[in-house]
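One structure is given below, encoded as structure tokens.
The values are calculated or read from the model by the stated rules, or taken from the named source; none is laboratory data. Since we're looking at a predicted model, the values are computed, not measured. When we count neighbours, we look across all protein chains shown, and the Cβ atoms used for this are built from the backbone with ideal geometry, even at glycine. Note: accessible area is taken over every heavy atom of the protein model, side chains too, but ligands, DNA and RNA are not part of it. Shrake-Rupley method; radii C 1.70, N 1.55, O 1.52, S 1.80 Å.
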Amino acid sequence: MAKLTEEQRRQRAAARARQKALAAEQADRQDNERRERWAREGMRLTWEEVLAGEPCRGCGEPMHDSLGDWPPLMKLSEEQRREHDAAEARFKEKHPNCKSSRWSYSGSRVTHCSSCCPPPPLSPHTLRKLADFCATLPSKEERKKDFDTWNLTLTCDHVAQHIQHREHDHVSTRVVDCPECGGERRGVVQSVRVGPAYSDDAIQAERAVADEERLAGELAAAQEKLRREERKAESTRRRIEEMQKQLKPES
Ligand SMILES: [Zn+2]
Ligand SMILES: [Zn+2]
Ligand SMILES: [Zn+2]
């Protein structure tokens, strides 16, 4: 068989990249449809419902069985292995064609399916930890100097811009909204790093705008405080006048 020319190799690679992008686009569409259905049919549990012991609205199994995590597979006792195999068989029976990932709460042995079961709600503790973590991140202006712009060629042949942290050497996002196609979700066929997303001047300008907005806010608050003080002084002045009138006998 004749060896492929450079051009043929390039064409084949391009065709494969396009195929992969179309598949990602299809999976993304199904994910979105699933999420919309979960929202429409009210299938997501709240944290309170999980605590109250409501079963999963996807598969009907308990959300949490309080049995503790499975020990590592190598360390299962004879009896635990039987239970584990039975649980595995039960899962396969309920989800014969689901190839997606699985999830379970820590400390629980019930396994849920990412296709059939809406994701579990976060506990207030986890939400607080997330908020604390976000508070430690540098400000948006500070982070901008570390961001690069990438050009993404999409399945519709439009090129969309994508911004991400410089430390990433590829774009892991596989489907994005195409601004040229009215926000339609499109698979990413090819990505090329362009360079810094924000010039130093742009970052400076943005910081100046942020400073100005902050100052304007502080000025408005100070003016409002002054008006309150003036109203208070005015009413005190009137009270003093009243008292003076009462002290002075009418002439
Ligand atoms: Zn489930
Ligand atoms: Zn499933
Ligand atoms: Zn497009």
Take the alpha-carbon centre of the stretch 176-250, take the same for the stretch 51-126, and report the distance between them in whole Å. 49 Å
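Using unit Cβ charges (K, R positive; D, E negative) and no other charged atoms, how large, in debye to the nearest 20, is the dipole of the chain about its Cα centre?
Values: 46 positive and 45 negative charges, 78 e Å.
With only Lys, Arg, Asp and Glu charged at Cβ, the dipole is about 380 debye.
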Overall Cα dimensions of the chain, principal axis frame, Å, largest first: 121, 59, 36
Any chance you could look up the accessible area of Arg35 with a 1.4 Å probe, heavy atoms only, rounded to 10 Å²? 110 Å²
Provide Val110, Val159 ordered by accessible surface of protein heavy atoms (probe 1.4 Å), highest first. Val159, Val110
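Shape verdict for the stretch 1-59, please, from the Cα gyration tensor: rounded (a/c under 1.5), prolate (a/b greater than b/c) or oblate.
Details: a/c = 6.33, a/b = 4.28, b/c = 1.48.
Prolate is the answer for the stretch 1-59, as a/c is 1.5 or above and a/b outweighs b/c.
Top to bottom by accessible area (1.4 Å), largest first, where do Glu142, Glu206, Glu6 land?
Glu6, Glu142, Glu206
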List the relative contact order of the chain as a percent without decimals, with contacts defined as Cα pairs under 8 Å and 6+ residues apart. 19 percent
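For the stretch 1-87, what is the charge dipole size about the Cα centre, in debye to the nearest 20, if Lys and Arg each add +1 at the Cβ and Asp and Glu each add -1 at the Cβ? Present the calculation step by step, with values, prior to reporting the outcome.
Numbers: 17 positive and 18 negative charges, 213 e Å.
Using only the charged Cβ atoms, the result is roughly 1020 debye.
Once the piece of chain linking Ala222 and Leu137 is laid out straight, how much longer is it, given 0.36 nm per residue of separation minus the C-alpha distance between them? Write out the running numbers ahead of the final one.
On the way: separation 85, 0.36 × 85 = 30.60 nm, distance 2.98 nm.
Full extension from Ala222 to Leu137 adds 27.6 nm.
May I ask for the percentage of alpha-carbon pairs in the stretch 140-198 that lie more than 16 Å from each other?
On the way: 715 of 1711 pairs.
In whole percent, the share of Cα-Cα pairs in the stretch 140-198 beyond 16 Å is 42.
Over the stretch 132-203, what is the relative contact order in percent, taking alpha-carbon pairs closer than 8 angstrom and at least six residues apart?
Working: 108 pairs, mean separation 28.2, N = 72.
After rounding, I find 39 percent.
Divide, for the stretch 35-101, the radius of gyration over alpha carbons by 2.2 N^0.38 Å, where N is the residue count.
Numbers: Rg = 14.9 Å, N = 67, 2.2 N^0.38 = 10.9 Å.
Cα Rg divided by the expected 2.2 N^0.38 Å: 1.37.
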Order the following by accessible area, largest value first: Thr153, Thr5. Probe radius 1.4 Å; ligands, DNA and RNA are ignored. Thr5, Thr153
For the chain, what is the calculated [θ] at 222 nm in deg cm²/dmol (nearest 500), taking -39500 (n - 2.57) for each run of four or more DSSP H residues and dividing by its residue count? -17000 deg cm²/dmol
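Scaled to the compact-protein estimate 2.2 N^0.38 Å, what is the alpha-carbon radius of gyration of the stretch 121-251, rounded to two decimal places?
Working: Rg = 28.6 Å, N = 131, 2.2 N^0.38 = 14.0 Å.
Here the Cα radius of gyration is 2.04 times the empirical estimate.
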If you split all Cα-Cα distances of the stretch 199-251 into 5 Å bins from zero, what percentages do you get per bin, shortest first? 4, 17, 10, 11, 10, 8, 9, 6, 6, 5, 4, 3, 3, 2, 1, 0
Using the Kirkwood radius over Cα pairs of the stretch 1-135, the Stokes-Einstein translational diffusion coefficient at 20 °C and 1.002 mPa s, in µm²/s and rounded to a whole number, is 116 µm²/s
Cα lying deepest toward the dipole's positive end in the stretch 199-251, options Gly217, Ile240, Ala205, charges on Cβ: Ile240
Given the options His64, Leu45, Ser77, identify the residue whose Cα lies farthest towards the positive end of the charge dipole of the stretch 38-82 (+1 on Cβ of Lys, Arg; -1 on Cβ of Asp, Glu). Ser77
For the chain: lysine pairs with Cα atoms under 23 Å, gap of 8 or more or different chains, count? 4
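Evaluate the charge dipole of the stretch 104-173 about its Cα centre and quote only its size in Debye, nearest 20, assuming +1 on the Cβ of each Lys and Arg and -1 on the Cβ of each Asp and Glu.
Working: 8 positive and 8 negative charges, 78 e Å.
So the dipole magnitude of the stretch 104-173 works out to roughly 380 debye.
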